[in-house]
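Visitor: Take this structure, written in C-alpha cells, and hold onto it; I'll ask about it next.
The values are calculated or read from the model by the stated rules, or taken from the named source; none is laboratory data. Values in this document were obtained by computation on a predicted structure and should not be read as measured data. Glycine gets a Cβ as well: all are built from the backbone with ideal geometry, and neighbour counts include every protein chain shown. In case anyone asks, the SASA skips ligands and DNA or RNA and just uses the protein heavy atoms, side chains included. Shrake-Rupley method; radii C 1.70, N 1.55, O 1.52, S 1.80 Å.
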Amino acid sequence: MDLNLTPSEREFRDEFRAWLGENVPAEWAGGGGGSEDRAEYIEYLRAWQRKLYDGGWAGISWPKEFGGRGATLLEQAIFQEELARANAPQLVGTIGLSLVGPTIIALGTEGQKARHLPQILSGDEIWCQGFSEPNAGSDLAALGTKAARDGEDFIINGQKIWTSFAQMADWCLLLVRTDAEAPKHKGITCLLADMHAAGVTVRPLRQMSGDSGFNEVFFSDVRIGPSQVLGEVNKGWTTAITALMNERANLGTGIQVVFKRQLEALIARSKTVERDGRPASEDPLVRQKLAQAYLELEILRLNTNRALTSLSKAGAPGAEGSIQKLYWSEMNQRTQQYAQEILGPYGQLKEFDKGAWEYAYLRTRGNTIEAGTSEIQRNIIAERVLGLPKSY
Amino acid sequence: MDFDLSKPQKLLKESARALLARECGAGRVRELMETETAHDEGLWRALAEQGWTGLLVPEAQGGLGLGLVEMAAVAEEMGRACLPGAFLSTLFAAALVERAGSAEQRAKYLEPIAAGELKATVALLEESASWDADALKLEASRGGGGFNLKGRKLFVPDAGVADVLVCVARDGDSLVLLPVARGAEGVTVKPMPSMDATRKLYEVRFEGVSVAESYVLGADGDARGALQGASEVATAVLCAEMVGGMQWVLDTTVEYAKTRQQFGRPVGSFQAVQHMCADMLLMTESARSAAYYAAWALTERDPSARAAVSVAKAYCSDAYREVANRGVQVHGGIGFTWEHDLQLYYKRSKSSETLFGDATFHRERIARLVMSDE
C-alpha cells in the first residue's frame, strides 16, 4: 500500500497542470453556471476542446494509434482532477470522448473509425447518447424506437428523452428496435445517427433548476444507411453495455474537486451568516454538519483511489462504478441540504452568491436519477457484487 | 499510487484469519464472555507466538517493528472473529509507553508485552465519560519523591486482567502518566457489567497509591502529546477491527438472504432486502477505505493523519452500528435471539462506537481541524 503518486504520475500531473496554467481562458474564471443552450456559449466550448486537442490533451485514454495518449486509469483521474482544480470550462465533447469513441474503437469498422474518431477528438463533431425513452428508463432494454428495413437502409420512427447535449450535437449513438419479435435484449441495434438529417427534431426540456441540460429528440422517417450500424444488427445490447461500462468506469474523479470547492465556500459562508447572534460556524450543530460533509467527501476521495487501484489491476470495469455513483449522488444531496440548513432563506436566493446554493440544491435532486437511479445501482451491487438472486 | 494491501500484508491477513478461526471461533467467544475477565491465557499465548502483541513494538524491544497498515490487517481479522480480551487495551498502553517512556521504561514494559508476558491498560475516563484530556479531574498530588493517587477512574477496559494500569492524572495544568500494578496496595478493581461482554469494563479506585518518581512516564516530556499520539494509534486499530466486524455481519447476512426462503423464493431476491445489503456493502467498503487510510497516514506521518483518524472513527462509529442494525433486520426474528452470533457483533458495534470517542466527538475534532482560519 502506497498512496503517494509515482514519479511518472507526478510528472504527468505537473505537465498538465502547467499546460492548464497557460491555457485556461482568463475570462472564464469559473463562469458558466446554468444555461448550456446558447449558440455562442457552445462555440466557446468547442474552441476550448480544440485547444486541448491541439495541445494533445483530448481523449487521453484512447490508444496512441487513434490519437490518444494511452493514459493509465490513474492518469485519467489526475486529468479530471486537474481540469476541475484549474476551474477549466467543461468538455463539450465529453460523450464522444468518454463513451462513443471508446465504443467505436472497440466495435467499429475501419471506415467508422476513420470517419468519426478524429472529429470526436477535435470537438468538431459533438455527440449525444440516444438511449432512454419515455417508456424505457431503468428498463432500458424495453426501448421501442422503431427501425424498419427499406432495402439496405433503416427508417427510424420514435422518441428519445433525457438526451444531454442533443441541442448542440452533430451525431447520436442511437439504440433502436430492429426485431420486435425477438426477446427484448435480442432485437436492439446500435446506430450512428446524423442529428442534422431530415426528420430529427430536438426539443429542450427545462429542468426544475431552470436550465436545459437535456432534451427530447423525435425521429420521424429518418433514413440511416447500413454503414452506420455500430457492432452487429440485433446485437445492439452488447454495444450499449460496452458504452455504459465506459461511462461508469469514469468514477466521478473530476466532480470531487467541484464538491471540495463548494464545501470550502460553505465553510467560509458559515463564518459570515449568523445563528443566535454569533457566526454559524460557532454553532455546535452547524459544526457537526460541516464535519460530516467533510468526512463524507474525504471518504469519496479514498473510495475512488481504492477503485482506481482495483480497476487498474482487474483491467475491465466492474461494479465499482455503481458503488461510486450511489455514494457521490446521495452524498451530494445530503451536503446541499446541510448548506440550505446553514444558510437558511439566503440559500434559496437567486442573487445570494449568484444563486449558486439555490441552483446546486435543485440540481443535486437529479443526481440520484440520472445515469442510473440509486435503485438500479443498488440492484447492480446486490446482484453482481453480493451475488444475490435477480429480482426481475 | 497503490491503495491495496501488498502481497506480504495479504498473507499476514490470511494467516490471521486462519489462526483466529482455529483459536477463537464463536463458541470460544461465548465461553469467554461468561468469564470474569474474558481473558484466556492459551489464546493470548497463541497471539503472542504470532508476534502480534509486539507487532508495533520496535525490534529493539523484541517486537516485530511493523507498521500500522500491517496491524490494521491483523486487527480487521480480530474484529471479524470478535476477539475478546485485552489486546487493544495492551496495544494502547504500549503505544503510550513507546511515546512517553524513557529507554529503560520502554525496555521494562515493551519487552514483556511483545513476549506476551504482560498485559496492560490505560485508566483514562472519569465520571464525565469524556475522551477529552481537558476534562480529566483526578489530581496526582506530589510528595515523598513521587506522586500519590487518590480517586477513581471509570470505564477502564480490561482492568481485571491487566498487569499494569497506566493512570492518566492531572499535575496542575499538565498531565502525568502513572503506571500502577493491578495488585499494588490501595488499588481496587471492580467490574462495571456492560452490554458487550467480550470487552470488560471496570471501575478502578486508587486509595493513596504512591508512584515513585522513577516510575513516572514522560516526567520530563510531553505527556499530553504522547496520550494524543497513542490514542490515535489505538483508534486507527479499533477502526480496522470495526471493519472486520462489519465484514462478518455483511457476509453472514448475504449468505442468509440467499438461503432463507419466503413466498417460495430466497428473501435476497426481494429488492427491499437487496438494497439493505447493498447499503451494508457501501458502508463496509467506505469504512475500510477510511480505516486503512488512517493507518497509512499515521505510519507515513502524513500531515492529514490527525484528521484521517477522526474521519475514520466518526464514519466507522456510525457505519458499524448501521451495518449491524440492517444485519439483524434482514435476519428477522432469528437475528434477535441470544442463540445467533449476530448479537455478539451488534453489541460490539455499540461498545466500539463510544470507545475512543463517538462520531459526535470526532466530528467536532474534524471541525476544529478544517474550520480554523490558520
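Visitor: Any residue at all in the stretch A:307-324 that is assigned by TED's automatic domain parsing to the domain that holds A:Gln377, in a helix (DSSP H, G or I) and touching a Gly at 6+ places or on another chain (Cβ under 6 Å)?
Guide: yes
Visitor: Something else now. Can you find a residue that is open to solvent by 40 Å² or more (accessible area, probe 1.4 Å), aliphatic (A, V, I, L, M) and away from chain B (no Cβ under 14 Å) anywhere in the stretch A:53-63?
Guide: The answer is no; no qualifying residue exists.
Visitor: Would you pick out the residues in the stretch A:146-179 that are at pLDDT 95 or above, outside any strand (DSSP E or B) and open to solvent by 30 Å² or more (accessible area, probe 1.4 Å)?
Guide: Of everything in the stretch A:146-179, those that are at pLDDT 95 or above, outside any strand (DSSP E or B) and open to solvent by 30 Å² or more (accessible area, probe 1.4 Å) turn out to be A:Gly151, A:Glu152, A:Thr178, A:Asp179.
Visitor: Here's another thing I want to ask about it. When you go through A:Ala182, A:Ala243 one by one, which is the residue that is part of a loop (DSSP other than H, G, I, E, B) and open to solvent by less than 60 Å² (accessible area, probe 1.4 Å)?
Guide: After ruling out the rest, the residue left standing is A:Ala182.
Visitor: Report yes if B:Leu56 is within 20 Å of the chain's Cα centre (by Cα), under 18 Å from B:Leu238 (Cα atoms) and open to solvent by 10 Å² or more (accessible area, probe 1.4 Å), otherwise no.
Guide: Against the criterion (within 20 Å of the chain's Cα centre (by Cα), under 18 Å from B:Leu238 (Cα atoms) and open to solvent by 10 Å² or more (accessible area, probe 1.4 Å)), B:Leu56 qualifies.
Visitor: Going through B:Thr259, B:Thr253 one at a time, which residue ends up being within 13 Å of chain A (Cβ to nearest Cβ), closer than 28 Å to B:Leu32 by Cβ and modelled with pLDDT of 95 or more?
Guide: Sole residue among the options that is within 13 Å of chain A (Cβ to nearest Cβ), closer than 28 Å to B:Leu32 by Cβ and modelled with pLDDT of 95 or more: B:Thr253.
Visitor: Tally up the residues in the stretch A:305-357 that are buried (at least 16 other Cβ atoms within 10 Å of the Cβ), modelled with pLDDT of 95 or more and of a type in the set (S, T, N, Q), please.
Guide: Qualifying residue count, the stretch A:305-357: 6.
Visitor: Do the conditions hold for B:Ala240, that is, is it buried (at least 19 other Cβ atoms within 10 Å of the Cβ) and either part of a helix (DSSP H, G or I) or on the phi > 0 side of the Ramachandran plot (or both)?
Guide: So B:Ala240 fits the description; yes.
Visitor: Which of (1) touching a residue at least 60 places away in the same chain (Cβ under 8 Å); (2) closer than 18 Å to A:Asn4 by Cα; (3) not charged (D, E, K, R) is the odd one out, the single condition B:Pro303 does not satisfy?
Guide: B:Pro303 satisfies all of (1) touching a residue at least 60 places away in the same chain (Cβ under 8 Å); (2) closer than 18 Å to A:Asn4 by Cα; (3) not charged (D, E, K, R) except (1).
Visitor: Within the set of pairs 6+ apart or on separate chains, which have a first residue in the stretch A:149-172 that is without any contact (Cβ under 8 Å) to a residue 40 or more places away in the chain, a second that is open to solvent by 30 Å² or more (accessible area, probe 1.4 Å), and C-beta atoms under 7 Å apart?
Guide: Going by the 7 Å Cβ cut-off, there are no qualifying pairs.
Visitor: Across the stretch B:303-326, which residue is nearest to B:Val370 (Cα to Cα) among those that are more than 10 Å from chain A (Cβ to nearest Cβ) and of a type in the set (Val, Ile, Thr)?
Guide: Only one residue tops the list, namely B:Val309.
Visitor: Scan the stretch B:1-25 for residues that are surrounded by 15 or more Cβ atoms within 10 Å (Cβ to Cβ) and away from chain A (no Cβ under 14 Å) and report the count.
Guide: So the answer is 6.
Visitor: Here's something else I'd like to know. Is it true that some residue in the stretch B:192-201 is within 14 Å of another protein chain (Cβ to nearest Cβ), out of contact with any Pro (no Cβ under 6 Å at 6 or more places or on another chain) and not hydrophobic (A, V, I, L, M, F, W, C)?
Guide: No, every residue in the stretch B:192-201 fails to be within 14 Å of another protein chain (Cβ to nearest Cβ), out of contact with any Pro (no Cβ under 6 Å at 6 or more places or on another chain) and not hydrophobic (A, V, I, L, M, F, W, C).
Visitor: Residues that are at pLDDT 95 or above and open to solvent by 50 Å² or more (accessible area, probe 1.4 Å): does the stretch A:88-102 have at least one?
Guide: Scanning the stretch A:88-102 turns up no residue that is at pLDDT 95 or above and open to solvent by 50 Å² or more (accessible area, probe 1.4 Å).
Visitor: So, in the stretch B:336-374, how many residues would count as being open to solvent by less than 30 Å² (accessible area, probe 1.4 Å) and either within 14 Å of another protein chain (Cβ to nearest Cβ) or in a loop (DSSP other than H, G, I, E, B) (or both)?
Guide: 8
Visitor: Looking at B:Gly333 and the list (1) open to solvent by 30 Å² or more (accessible area, probe 1.4 Å); (2) within 14 Å of chain A (Cβ to nearest Cβ); (3) free of Cβ contacts under 8 Å to residues at least 24 places away in the same chain; (4) in a helix (DSSP H, G or I), which single condition is not satisfied?
Guide: Against the list (1) open to solvent by 30 Å² or more (accessible area, probe 1.4 Å); (2) within 14 Å of chain A (Cβ to nearest Cβ); (3) free of Cβ contacts under 8 Å to residues at least 24 places away in the same chain; (4) in a helix (DSSP H, G or I), B:Gly333 comes up short only on (2).
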